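The values are calculated or read from the model by the stated rules, or taken from the named source; none is laboratory data. Just so it is clear, the model here is predicted, and its values are computed rather than measured. Glycine gets a Cβ as well: all are built from the backbone with ideal geometry, and neighbour counts include every protein chain shown.
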Amino acid sequence: MWSSSKGEKNTEARRKELLEKGYELFSDNSIEAISMRNVASAVGCSSVSIYRYYSSKPEFVVAVATWKLEQFQEKNRKRRPKTNFDGMTAAETFEFYLDSFLMMYKNNKDLLRFNQFFNVYVESEHIDADTLKPYNQMIERLREQFHNMYLKAEQDKTLRTDDPEEKMFSKTLHLMLAAVTRYAVGLVYIPENGFDAMEELEFQKELILEKYKI
């Protein structure tokens, strides 16, 4: 049960506890299956207490999604061979981008399951743009990184840019995310002797690289 102590530090600790427990419950069970009362019970507080932090379930779900993806992005940044992308060619940056999906599959299958549940929830509940704003702002930062890579490719000629930028971003994002998600949730053909998921995902990554690298 939460203590009655107050203060900014305690408020942030409670908020983090709610996000962590919400993520755990949503990714294990689906978002529709979990109520705010379930989350409150899991952390040992009342439903009223949660609503002091988040005014609605959609707002809470978006906060969970934004928080968890920001965590992944921070860990992913630490993989960079250089402190920033300025010292990398466009082709090197593009490969890093594709590898990010493989790392998500390798280390964060729970995040891929959650992301699938999140997309379904957003569509089924018709979540409005204002509620989605924190999540969309985070995604836009990723979009800006891709934009910078594309501009560099036009200069250093290590990637083809005959595909318009938006088309290239859409194709690569959807192909990689769809593939790692299907493997993460088990929506794949399983041969009698089994298979190596990472080998197959690497194969798709190499096909995309071959398509765009010069």
Subject >> Index of the failed condition, Ala42 passing every other in (1) in the same structural domain as Asp128 (by TED's automatic domain parsing); (2) touching a Leu at 6+ places or on another chain (Cβ under 8 Å) >> reply: (1)
Original post:
Which residue pairs have Cβ atoms closer than 8 Å, lie 6 or more positions apart in sequence or on different chains, and pair a first residue in the stretch 20-32 that is of a type in the set (Lys, Arg) with a second residue that is assigned to a helix (DSSP H, G or I)?
Top reply: Lys21/Val39; Lys21/Ala42; Lys21/Val43
Subject >> Val39 being assigned to a helix (DSSP H, G or I), free of Cβ contacts under 8 Å to residues at least 60 places away in the same chain and under 24 Å from Gln137 (Cα atoms) >> reply: no
**OP:** Among residues belonging to the stretch 96-152 that are of a type in the set (Ser, Thr, Tyr) and within 12 Å of the chain's Cα centre (by Cα), point out the one that is nearest to Lys68 (Cα to Cα).
**Re:** Tyr135
Original post:
Quick check, is Leu187 in the same structural domain as Lys109 (by TED's automatic domain parsing), assigned to a loop (DSSP other than H, G, I, E, B), without any contact (Cβ under 8 Å) to a residue 60 or more places away in the chain and within 21 Å of the chain's Cα centre (by Cα)?
Top reply: yes
Subject >> Check on Ala40, over 27 Å from His126 (Cβ atoms), in contact with a Ser or Thr (Cβ under 8 Å, 6 or more places away or on another chain) and crowded, with 19+ Cβ neighbours inside 10 Å >> reply: no
Subject >> Total residues in the stretch 53-97, condition farther than 19 Å from Glu144 by Cβ and of a type in the set (Ser, Thr, Tyr) >> reply: 4
Original post:
Under 8 Å by Cβ, and 6 or more places apart or on different chains, what pairs join a residue from the stretch 149-161 that is modelled with pLDDT of 95 or more with one that is among the charged types (D, E, K, R)?
Top reply: Tyr150/Glu165; Ala153/Arg160; Thr158/Glu92; Thr158/Lys213; Leu159/Lys213; Arg160/Lys211; Arg160/Lys213; Thr161/Glu154
Original post:
With (1) in contact with a Lys or Arg (Cβ under 8 Å, 6 or more places away or on another chain); (2) surrounded by 19 or more Cβ atoms within 10 Å (Cβ to Cβ) as the list, and Phe60 as the residue in question, which single condition is left unmet?
Top reply: (1)
Original post:
Exactly one of (1) in contact with a helix residue (DSSP H, G or I) (Cβ under 6 Å, 6 or more places away or on another chain); (2) surrounded by 17 or more Cβ atoms within 10 Å (Cβ to Cβ); (3) outside any helix (DSSP H, G or I) is unmet by Cys45. Its number?
Top reply: (1)
Subject >> Residue in the stretch 108-118 that is assigned by TED's automatic domain parsing to the domain that holds Val64, more than 20 Å from Ala197 (Cβ to Cβ) and surrounded by fewer than 19 Cβ atoms within 10 Å (Cβ to Cβ) present >> reply: no
Subject >> Odd one out for Lys213 among (1) of a type outside the set (A, V, I, L, M, F, W, C); (2) under 25 Å from Thr66 (Cα atoms); (3) surrounded by 13 or more Cβ atoms within 10 Å (Cβ to Cβ) >> reply: (2)
Subject >> For Phe85: the one exception among (1) exposed (fewer than 13 other Cβ atoms within 10 Å of the Cβ); (2) at pLDDT below 90 >> reply: (1)
**OP:** State whether the residues of the stretch 130-152 include one that is of a type in the set (A, V, I, L, M, F, W, C) and touching a strand residue (DSSP E or B) at 6+ places or on another chain (Cβ under 9 Å).
**Re:** yes
